[in-house]
1. Within 14 Å, Cβ to Cβ, of S103, how many net charges do the neighbouring residues add up to if Lys/Arg are +1 and Asp/Glu are -1?
2. Treating the angle as unsigned and between 0 and 90°, give the value, to the nearest 10°, between the Cα long axis of helix 104-120 and the longest Cα principal axis of the chain.
3. Which value at 222 nm does the chain reach when only helices count, each DSSP H run of 4 or more adding -39,500 (n - 2.57), with the total divided by all residues and rounded to the nearest 500 deg cm²/dmol?
4. What is the calculated FRET efficiency for R371 to D263, with r their C-beta to C-beta distance and R₀ = 51 Å, to the nearest 0.05?
5. Express the relative contact order of the chain as a whole percentage, based on alpha carbon pairs under 8 Å and six or more residues apart in sequence.
6. T269's amide H: which non-local residues (gap 5+, or another chain) put their own amide H closer than 5 Å, with H modeled 1.01 Å from N in plane and none for Pro or chain starts?
7. Which cross-chain or sequence-distant (5 or more) residues have an amide H under 5 Å from the amide H of V387, H modelled 1.01 Å from N in plane?
8. Only bridges whose two residues both fall in the chain count here: according to DSSP, what percent of them are antiparallel, nearest 5?
Amino acid sequence: MTAVVIDNIGELTTNVDDEPALHDAAIVLDEGRIAWVGESAGAPAADRHLDAGGRAVLPGWVDSHSHLVFAGDRTSEFEARVAGQPYAAGGILSTVRATRAASDAQLEATIVRLRQEALEQGTTFMETKTGYSLNVEGEVRSARLAARHADDVTFLGAHVVGPGRDADEYVDEVIHVMLPQVRGYVRWADVFCEQGAFGPDHARAILAVARDAGLGTRIHANQLSQGEGVQIGVEVGAASVDHCNHLSDADIDALVGAASRPDGPTVATLVPCCDVSTRQPFAPARRLLDAGVPVALATDCNPGTSFTTSMGYCVATAVLQMGLSVREAVFAATAGGAAALRRTDVGRIVVGARADVQILDAPSTVHLAYRPGVPLTWAVFRGGVRVR
Ligand code: NIG
Ligand code: FE
């Protein structure tokens, strides 16, 4: 693999400790890794050279929450919602019908299309979930197809109770039949803990078994109402509690308590597009950050509540409507996502990290919020390879 030097960087966001953004900087990508970071004037020669022209360079987005394995369309549900109908977990079942009926090739084409769409907008690392088949064969198929195209895969057999099934019996199947069969394809297990999905006892049982089987855990928690989801996430040592719209002080205290755990914190993963699209109150991002809770931003790309692959949209919304600074939002969408996936190889521009880098057609990351909705991606490198 040829080494690339990118120089004349107007603003370089490294996410290393509290290091401020560097100016007049350069980086070298070699063998898929970041090989050098420093001042532009001192940059070593490399096989190839890219003049960033004073543009802003930052780590590729780490999207730590998406649901790309689905078929069908929920435009009408979305239209009804914007006309005033509230969102309820049951909408998932219409996607389940379409997903079960789709061929492998149809499902795979959707995953590839959305993964490519994300990559072209700077997302160099993307997690995705199963959870739209809700039977053994379909969940295993979803995990197998996801594993071909996503960087990390999460088993979400416990999205809602399989149609026509008794909840206890379904949870038993998730634990004893699905989990062992998806095990080879997934790194994570997730549960949607909510009224209309799974209650606290079921969520605890599934996540405890998944953890004991060696999977990492995460949970859809406190999305539509207050509940025990966040507490359960902290209890089982989950890497992430996702959504977090309805938090009590005790929930925030529990996350603060987990922040210094030796095996890693429980990150609060916030999904602003879902909040806007379902008209939920925004997650209390400012309260979480001020309390010292690590925060990630993710798209939650799915056909029901958040049909976007744009991490730029998430960053802009977090800044414009949730009270984050640009620096906090960019960190949450890169290093925060990496923490939510317990990875140290992505989300930072530091020697030895995976060479996942994006260049904006703008002089600073401030433009991500200053020019919302504008496609600012100028170049993307993933593992040192230019993919856009
Ligand atoms: O993250 N909250 C549960 N799951 C998805 C929505 C799924 C759907 O409505 O299809 C979410 O919002
Ligand atoms: Fe989700």
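1. Working: positive: R100, R141, R144; negative: D104, E108, E137.
Summing Lys/Arg as +1 and Asp/Glu as -1 gives 0.
2. Orientation of helix 104-120: about 40 degrees from the principal axis.
3. Dividing the helical sum by the residues of the chain leaves -9500 deg cm²/dmol.
4. 0.80
5. Numbers: 948 pairs, mean separation 76.0, N = 388.
Here the relative contact order equals 20 percent.
6. V241, D242, H243, A296
7. Placed amide hydrogens put V380, F381, R382 under 5 Å from V387.
8. Working: 22 of 55 bridges.
Within the chain, antiparallel bridges account for around 40 percent of the total.
FYI, it's all coordinate maths here, none of it is from the lab. Bear in mind the structure is a predicted one, so any value in this text is a computation, not a measurement. Glycine gets a Cβ as well: all are built from the backbone with ideal geometry, and neighbour counts include every protein chain shown.
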